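In what follows, a structure is listed as structure tokens, so that the remarks can point back to it.
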Amino acid sequence: MRKIIQLKFIISIFFLCFSLMSLKGKPLMKKIVFEPQAWNELGFSWNEYVWSEFENPCSPNIDMLKMNTVSINIPEKIRASKKGVAKIPVPVCVSFYLTEYRYYKYINPKYEKMIHVKSLDETESVFLHCPIERIVKYNGEQPQEVLAPDPLREEYEKKRFEMIQKCKDLPDERLDEGYVYGVNLTFNLSDYMDEPLQCGRYEIYFTYCGLESERRIVEITYKK
């Protein structure tokens, strides 16, 4: 009899753990609703850190023939529960096509990836500027120190320096030359802000390598 009771207890614990695992990442999504609906179907857990470099249904559509272009897409509306959401997530998708000439001309840190956010509900509001880069976590372990010079790395740095010198004084009309590469990024703007956005309307745009995207507006409200 005791073995049967112990077995039932073990089975109960197993199903409890399975249920908790299956719910991981889902509670927030019940408390947050994005519009249009496509943002709710991306499959990301926005209560965890998000960084994706893959195209998805919410990625901006850019004509590949239009070189040196940046574009941004954000939800039109975000509805959050008043309780249980400490930081309201703001999903962002950006896409850009750059030539290597433009990249090397604007390689200065002040032209790095940047999100600009401004409240439309405050008359004297100014844009907040949030640098955007992937947050790398090492789980407590630091990357190993490179003790010997890497010939490939040295060759890369040499070419990089040569390209910077070649492109730094080029006029912008000459920057549609060279190799072209495209990138799609998806991330949560709240991961890069000191203070999360509250209810209100916000104007948001993206800049990179001296280029500016279109400006989008998102409205954040509490669910009724």
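The values are calculated or read from the model by the stated rules, or taken from the named source; none is laboratory data. As the structure is a prediction and not an experimental result, all values here were calculated from the model. Cβ coordinates were reconstructed from backbone atoms using ideal geometry, including for glycine residues, and neighbour counts include every protein chain displayed. Ligands, DNA and RNA are excluded from the accessible area calculation, which covers all protein heavy atoms including side chains. Shrake-Rupley method; radii C 1.70, N 1.55, O 1.52, S 1.80 Å.
Points to keep in mind about this one:
- Positions within the stretch 90-124 being assigned to a loop (DSSP other than H, G, I, E, B) and surrounded by 15 or more Cβ atoms within 10 Å (Cβ to Cβ), in sequence order: V90, Y106, I107, K113
- Residue count for the stretch 171-224 satisfying the condition of being open to solvent by less than 70 Å² (accessible area, probe 1.4 Å), assigned to a strand (DSSP E or B) and not aromatic (F, W, Y): 16.
- Failed item, numbered, when R201 is tested on (1) out of contact with any Leu (no Cβ under 7 Å at 6 or more places or on another chain); (2) over 24 Å from T69 (Cβ atoms); (3) at pLDDT 95 or above: (1)
- Selected residue (criterion: surrounded by the fewest Cβ atoms within 10 Å (Cβ to Cβ)) from residues of the stretch 47-86 that are in contact with a helix residue (DSSP H, G or I) (Cβ under 6 Å, 6 or more places away or on another chain) and closer than 13 Å to K31 by Cβ: G84
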